[in-house]
Amino acid sequence: MKIPKAMLETQNRSNPLSRSKLIGRCIVSCIFVFLTHLALSVIPRFFSAFSFLTQLALSALLLLLLLGFGGWCRRTLLRAKASAPAFVFFNILFIWGFYFSVIRPAVPQLHDVVFNCGVVFLFIGLYSIITSDPGIVTNGSASPDQPMESSLSQVDKEMELLASGLGHESTHDSGLLMRVRYCKTCKAYIKGLDHHCPAFGNCIGQNNHPLFLILLFGFISTEASYLVCSSVFAAKSRILDRPSELTLSESLAVSTILFTILQLLWQVVFLIWHIYCLCVNIRTDEWIKWKKYPEFQLVIPPEPGQSFRNIRFWNPYDKGMVQNVKEFLAIQH
Ligand SMILES: [Zn+2]
C-alpha cells in the first residue's frame with residue numbers, strides 16, 4: 001500500500017506562541033534555573049555532615065519539591081508558564097558559565113577541550129531537534145489558512161481508512177503507515193511516533209529518532225565530562241576535606257556535581273530503555289499505551305468455565321534484533 005498523494009510531509013505545528021509570550025516563558029525558565037541551582041547549593045553548605053549519598057538523595061528530593069513548587073506557582077501565583085526547552089537551554093548555559101568562572105582554571109587542557117566541544121554539540125543538537133520535523137503527516141490539500149480542526153478531521157478520515165485496510169497488509173510501506181500515531185500535544189499525526197518530548201518541545205518520530213538518541217548520548221557524555229572536570233577541581237581545592245567552610249562558589253561546585261549525577265542516572269536508564277525498545281522494534285509510546293493499539297493485543301479465548309477473554313501483549317513488528325535494527329536504520333532513508 002502506498003501513502004496517499006494527498007498526505008504530504010509538511011510542517012504542521014499548532015499555533016505558535018506570540019513573541020512576547022515566548023520571551024516571558026524564557027525569562028521564567030531562566031529565573032527558575034538560577035533558583036534551582038541556588039537552592040541545591042544549600043545542601044552541601046548546610047548538610048555537610050551527611051554522607052555524599054545522603055546529599056544525593058536530599059538533592060533528588062529538593063528537585064522534586066522544586067518541580068512541584070514550580071507547578072503550583074504556575075497554577076496559582078504567577079500564571080506564567082516556563083518553557084521546558086528554555087529550561088534545558090539555560091541549564092546548560094548556567095553549568096557552562098559556572099565552569100568558565102570557577103572550575104576551568106583547575107582543569108587540564110584536554111579535559112577542557114572535550115567538555116567545551118560537548119557543550120557546543122549540545123547547543124547545536126538542541127537547536128536541531130527543537131526545529132526538526134519528526135515526520136508530521138498532514139493533508140496536502142488543506143491550505144495553510146484552513147482551520148486546524150477541519151484539516152485534522154480530514155486526516156482522521158484517511159487514517160481510519162488506512163487502519164481498516166492495513167490489517168491484511170505486510171509490505172514495508174504498510175508497516176510504516178500502521179505506525180502513524182497521533183500526538184495530543186502537537187495535535188498532529190506523526191510517522192513512527194516514539195513519544196512527545198517535553199524537554200525538547202517536539203515529538204520524537206521516524207525522522208528525528210536517531211538525532212534524539214545521538215543527543216541523549218551527547219548529554220550523557222558531556223555530563224560525564226563535567227563530572228571529571230569538577231572532580232579535578234574538587235581534588236585540587238580540597239573542598240570535600242573541609243565541607244564546613246565552603247564558599248558559595250565551592251558549594252555550587254558540589255551541588256552541580258550532585259545535580260549532574262542525578263541527571264546522568266535517569267538519562268542512562270532512559271537511553272538503555274530506548275535502545276532495548278529499538279532492539280525489539282517497539283516505540284515507547286506503543287509500549288506504554290499498547291492497550292490502545294489493536295495490533296499489540298493477542299486475544300486468548302476463554303477456557304471452559306471462564307466467562308472472560310484474556311488479552312495479552314505481543315509485538316507483531318519484532319523480527320529479531322538484527323533485522324529490527326536494520327529496519328530502523330533503513331527507514332531513515
Ligand atoms: Zn508532539
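Observations, loosely collected:
- Charge dipole (debye, nearest 20) of region 228-333; +1 at Cβ of Lys and Arg, -1 at Cβ of Asp and Glu: 140
- Each residue, S249 and V268, gets one label point 7 Å from its Cα in the Cβ direction; the gap between the two is 3.0 nm.
- Flagged links, alpha-carbon separation over 20 Å, of K184/K289; K187/K319; K187/K289: K187/K319
- Relative exposure of I31, I300, judged by other C-beta atoms within 10 Å (fewest first): I300, I31
- Stretching V120 away from A60 to a fully extended chain increases their span by 18.9 nm, per 0.36 nm per residue minus the current alpha-carbon distance.
- Proxy reagent accessibility, fewest Cβ within 10 Å first, across V280, V33: V280, V33
- The listed peptides 285-292, 321-328, ordered by packing as a protection proxy, come out as 285-292, 321-328 (highest mean of other Cβ atoms within 10 Å first).
- Summarised as an ellipsoid, region 239-333 has semi-axes of 47, 21, 10 Å, derived from the eigenvalues of the Cα gyration tensor scaled by 5 and square-rooted, with the largest first.
- Charged side chains reduced to their Cβ positions (Lys and Arg at +1, Asp and Glu at -1) give region 270-321 a dipole of some 100 debye around its Cα centre.
- Here region 17-107 is treated as a Stokes sphere of Kirkwood radius computed over C-alpha pairs; at 37 °C and 0.692 mPa s its diffusion coefficient rounds to 223 µm²/s.
- Pair F217, S307: separation of 7 Å Cα→Cβ label points (nm): 5.4
- Cβ-based charge dipole, region 183-275, positive-most Cα from L215, T256, S237: L215
Every read-out reported here was derived from the displayed coordinates using simple, explicitly stated rules and does not represent laboratory data. The structure displayed is predicted, hence computed values, not measured ones. Cβ: placed from backbone, ideal geometry, glycine included. Neighbour counts: every protein chain shown.
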